[in-house]
Amino acid sequence: MYTIHTVLGSILNVSNSRLLVQLKQELESTQSGSWHEVDAWIAKATPIIQRYYPHDLVYFQRIAVAPPRLVLPRVGGLRSPFKNDASLAFDASNDEATASEQITNYKRIDHTKNKILNFLDGLIVLDTNSIIQGDDGMNELEGLANPILMQGVTFLFNEVKEILAERRKSRADRKEPDDTPVPSTGLQTVEEVLNLKPKEVRLNDINEEIKHCINMIEQYRKNQRYAEAAIQQFGNIFQAPPIKRSELEDAEKSIQEYAQRLKNTIEKVYGHKISIVGLL
């Protein structure tokens with residue numbers, strides 16, 4: 001039997017989880033390699049973590065710090081206005097050092113960003129575990145706070161939309177006909193969906209389906225990247241062997257199929273149609 005204090009505590013955990021999901025979405029939307037944007041996000045998130053998760057604040061502050069910057073030595077001093085073989089070689093070496101610094105520093109920033117995202121995922125899971133007690137009276141709260149469902153909704157509206165947009169561009173570059181289906185009329189943002197109360201609240205099987213769809217999309221996304229890289233070695237898709245084009249098309253088709261399954265699953269949970277360009 002749940003006491004009023006238990007129920008109120010669970011409701012607070014639901015609210016906190018939604019706040020964490022919002023923070024996570026905002027961090028995910030920051031530009032890759034931009035510490036300025038991540039640092040601004042940290043300034044906003046710190047008082048929230050301090051108030052609602054004080055026991056986790058120390059660890060958050062430990063990981064939410066600017067990574068060390070790579071600074072490589074330069075040769076030849078400043079760029080010379082007089083171009084000769086030596087100055088051109090110095091300039092080329094310095095340009096290479098600058099590019100290497102930028103790539104490495106961007107990777108370090110994104111690595112720190114990913115650690116913070118994993119930290120947020122951990123807090124969301126802890127909140128959910130404190131809610132789900134296996135009692136029928138808590139089913140609604142279980143649905144509202146389910147982190148895998150939230151991840152599925154976010155993945156659908158962010159990654160899937162981007163992947164499908166890239167697919168349309170790729171097909172256009174290959175001069176293939178546009179096969180984009182007419183999208184159904186429905187919800188068009190993450191916020192619209194997450195503000196709804198799930199109609200399906202026993203989510204064990206649905207959780208597995210969401211995780212499976214996301215895993216398969218990510219796997220075929222890698223296959224797509226490998227195929228694109230292989231094709232690039234031949235110049236373009238028209239010069240590549242037919243098997244490479246077939247591998248690319250198979251990956252694109254599989255991504256679309258699992259994206260449609262993910263959309264259908266989330267629509268079933270909420271009982272509402274969702275509008276995603278590229279999916280029925």
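No lab work stands behind these numbers, since they all come straight from the coordinates. Please read all numbers here as calculations on a predicted model, not as lab measurements. We place every Cβ from the backbone using ideal geometry, glycine too, and count neighbours over all the protein chains shown.
The stretch between Arg168 and Lys197 holds 7.1 nm of extra length on full extension. This uses 0.36 nm per residue minus the Cα-Cα distance.
Amide H to amide H distances under 5 Å link Leu187 with Lys273, Ile274, Ser275, where only residues 5 or more positions off or on other chains count and H is placed in the peptide plane.
Please state the charge dipole magnitude for the stretch 144-270, taken about the Cα centre, from unit charges on C-beta atoms (+1 on K and R, -1 on D and E), reported in debye and rounded to the nearest 20.
80
Using Cα-only point scatterers and the Debye equation, what is log10 of I(q)/I(0) for the stretch 144-270 at each q in 0.15, 0.18 Å⁻¹, rounded to two decimals? The computed values of log10 I(q)/I(0) come out as -0.74, -0.95. Each peptide in 43-55, 244-256, 170-182 was scored by the mean count of other Cβ atoms within 10 Å over its residues; highest first, the order is 244-256, 43-55, 170-182.
Normalised by the number of residues in the stretch 144-270, the average gap of Cα pairs under 8 Å and 6 or more apart makes the relative contact order 37 percent. Applying 1/(1 + (r/R0)^6) with r as the Cβ-Cβ distance of Asn215 and Leu72 and R0 = 30 angstrom yields a FRET efficiency of 0.20. Approximating the spin labels as points 7 Å out from Cα along Cα→Cβ, the Val277-to-Asn223 distance works out to 2.6 nm.
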